[in-house]
1. Please pick out the residue among B:378, B:385 that is under 25 Å from residue B:293 (Cβ atoms), within 14 Å of chain A (Cβ to nearest Cβ) and of a type outside the set (Val, Ile, Thr).
2. Within region B:425-472, which residues are part of a strand (DSSP E or B), surrounded by fewer than 22 Cβ atoms within 10 Å (Cβ to Cβ) and of a type in the set (Gly, Ala, Ser)?
3. What's the number of the condition residue B:377 fails, among (1) modelled with pLDDT of 95 or more; (2) in a helix (DSSP H, G or I); (3) more than 22 Å from residue B:182 (Cβ to Cβ)?
4. So is residue B:228 among the charged types (D, E, K, R), away from every other protein chain (no Cβ under 14 Å), in a loop (DSSP other than H, G, I, E, B) and closer than 21 Å to residue B:455 by Cα or not?
5. If the Cβ limit is 9 Å and pairs must be 6+ apart or interchain, which residue in region B:381-395 that is assigned to a loop (DSSP other than H, G, I, E, B) pairs with which residue that is of a type in the set (Asp, Glu) and at pLDDT below 95?
6. Does at least one position in region B:266-273 carry a residue that is over 14 Å from residue B:450 (Cα atoms), surrounded by fewer than 23 Cβ atoms within 10 Å (Cβ to Cβ) and within 14 Å of chain A (Cβ to nearest Cβ)?
7. Applying the selection to region B:1-36, what residues are part of a helix (DSSP H, G or I), buried (at least 20 other Cβ atoms within 10 Å of the Cβ) and touching a Leu at 6+ places or on another chain (Cβ under 9 Å)?
8. I want to confirm something. Restricting to region A:6-63 and keeping residues that are facing chain B (nearest Cβ under 7 Å) and at pLDDT below 85, which single residue is surrounded by the most Cβ atoms within 10 Å (Cβ to Cβ)?
Amino acid sequence: MVASDLGYNMNGNDIPPLDIEDFRSLVQDADLNISEEDLPKLLKAYEPLKRQLQALHELQLEDTPSATRFFPKGVED
Amino acid sequence: MNRHDDDDDLCFLTIKEAATMLKTKTVSPVELTEAFFRRIERYDNHLHSYVTLLKDSAMKSALISEKEIMDGDYKGPLHGIPIAVKDLYSTKGIRTTAQSRILEHNIPKFDSTVVQNLKNAGAIILGKLAMSEFALGRGDERELFPSAKNPWNLDHMPGSSSSGSGAATSAELCMGSLGSDTAGSIRAPASFCNITGIKPSFGRVSNYGVVPLAWTLDSCGPMTRTAEDAALMLQVIAGQDSKDPSTLNMPVPNYAETLRTELNGLKIGVPRDFFFNLDKTLDLDKEIVETVDKALETLIDLGAQIKEVDLPSLEYTSANTVIMLSEAYAFHENNLRTKPEDYGPVRRQFLLGGLLSASDYIQAQRVRNIISQELSDLMKDVDVLVTPSFPFTAPRFDDRNQARYGAGFRFLAPFNLSGLPAMSVPCGFHSNGLPIGMQIVGNSFREDVVLSVGHAYQNATSWHKQKPDLDF
């Protein structure tokens with residue numbers, strides 16, 4: 001699969017594209033080892049992921065914890 | 001009858017059929033293994049499903065199995081059965097690359113737990129199978145080995161990431177195979193190649209010795225021609241493993257013995273809005289919906305009851321992407337910095353993980369909890385969910401719309417997030433000649449129910465018996 005595209009059909013939100021210079025800062029902050037040539041390609045791959053992230057962060061999750069259990073019903077208690 | 005016909009007679013057997021013949025000594029493991037190697041030699045130069053053939057060790061194992069069986073030491077249904085494994089399962093003394101130059105010279109000193117389990121059961125390991133690089137991406141000419149091809153049409157993908165497992169099992173170049181599934185990598189190739197593939201519950205099968213993509217999402221599972229064969233393989237690889245703390249001490253039922261041929265009283269949930277709604281989704285193929293609806297009619301004829309259900313949280317399945325990329329980056333960070341040139345096209349995907357924050361990861365895990373809870377609540381009312389396995393049939397290799405392909409995994413990834421068992425079984429063909437799969441999802445650790453539904457369906461239909469024309 002192509003990971004960044006999983007939210008392709010998700011109810012999107014209209015956020016402006018990231019400026020290449022802003023993205024360069026983001027990449028530098030993350031200390032990623034990429035070339036100038038690769039920068040716009042990575043930005044292109046990042047755009048759909050950014051939209052997905054924004055949607056996830058806009059969700060009202062109240063006190064939902066991060067731990068996930070995999071026990072079947074009745075077994076965990 | 002010529003030798004090719006003889007080989008086909010043997011290679012077309014299911015595991016169940018071959019096991020009966022091996023047990024009664026009407027065929028020997030040596031005959032069977034030799035037939036598969038001849039068939040691989042005949043067809044795999046077109047399919048590229050194998051990256052490493054283990055002819056010497058397989059023939060040695062076959063000879064040992066033959067002697068054991070002749071001596072009355074029959075170990076069970078996998079004894080003498082030729083199996084192949086995806087090239088991310090560590091195999092002692094045998095190169096294990098995950099289709100990556102990073103691991104090009106990696107020769108493990110141990111077997112992964114599931115490979116060891118297969119060997120202990122007497123299975124014959126024919127070789128290592130192609131995959132997409134590090135189980136991500138879609139297959140690409142820049143990878144270490146050529147991409148496996150779809151036996152139903154060489155211009156089309158066999159699905160990723162267990163591409164070789166799908167192609168080899170479909171083309172009957174092994175009796176069954178091991179795949180792995182982080183967002184659908186067993187079920188997509190199963191659907192595209194007209195075979196059966198089950199992703200077990202998270203914690204059911206050990207991941208020890210398997211090159212990870214994402215630790216909290218990865219599941220190992222069998223890819224076979226029938227649900228019954230999947231039951232036989234799962235029986236051998238399921239169970240707690242002290243080497244993998246994510247496995248749980250849950251009883252492992254006798255899957256083959258619990259298979260049913262009717263579905264009286266079974267309640268099937270059908271989440272129409274997310275999986276069947278042609279008006280809502282951009283890429284869902286009408287023929288896929290019609291085909292799975294016909295399959296549902298067959299399940300009703302077998303005694304099942306259908307209930308439409310709603311799963312609104314699945315709109316946020318992209319949490320799977322965030323978790324997967326974050327965990328993948330953690331695993332690859334050092335190599336991405338020091339050996340970037342050794343990565344193929346998957347490097348860009350992994351780098352995205354480096355742009356994610358701790359807050360992003362935690363938020364995705366919280367969303368995962370919402371999805372898991374919604375599914376858990378729903379599974380109180382139904383025994384299984386049934387959906388299309390994928391929104392469309394296998395794409396062409398030259399289809400440049402990668403976003404469309406990636407998006408298709410939204411039908412599969414929710415069940416990695418929730419850890420529920422999910423299986424794809426063949427349910428028909430598109431007018432383009434390519435296979436269509438139906439996904440059956442069960443409650444946690446109820447692989448027995450999932451396998452039973454698949455078995456009952458296959459007992460009533462013959463889609464899984466259709467064979468690709470390999471006269472390339």
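The values are calculated or read from the model by the stated rules, or taken from the named source; none is laboratory data. Because the structure is a prediction, the values reported are computed rather than measured. Heads up, the Cβs are rebuilt from the backbone with ideal geometry, glycines too, and the neighbour counts pull from every protein chain shown.
1. Exactly one of B:378, B:385 is under 25 Å from residue B:293 (Cβ atoms), within 14 Å of chain A (Cβ to nearest Cβ) and of a type outside the set (Val, Ile, Thr), namely B:378.
2. The answer is B:428, and nothing else.
3. The failed condition is (1).
4. Here the answer is no, as residue B:228 does not meet what is asked.
5. B:391/B:283; B:392/B:283
6. Yes, region B:266-273 contains at least one residue that is over 14 Å from residue B:450 (Cα atoms), surrounded by fewer than 23 Cβ atoms within 10 Å (Cβ to Cβ) and within 14 Å of chain A (Cβ to nearest Cβ).
7. Correct list: B:10, B:11, B:15, B:18, B:19, B:22, B:29, B:32, B:33, B:35, B:36.
8. A:6
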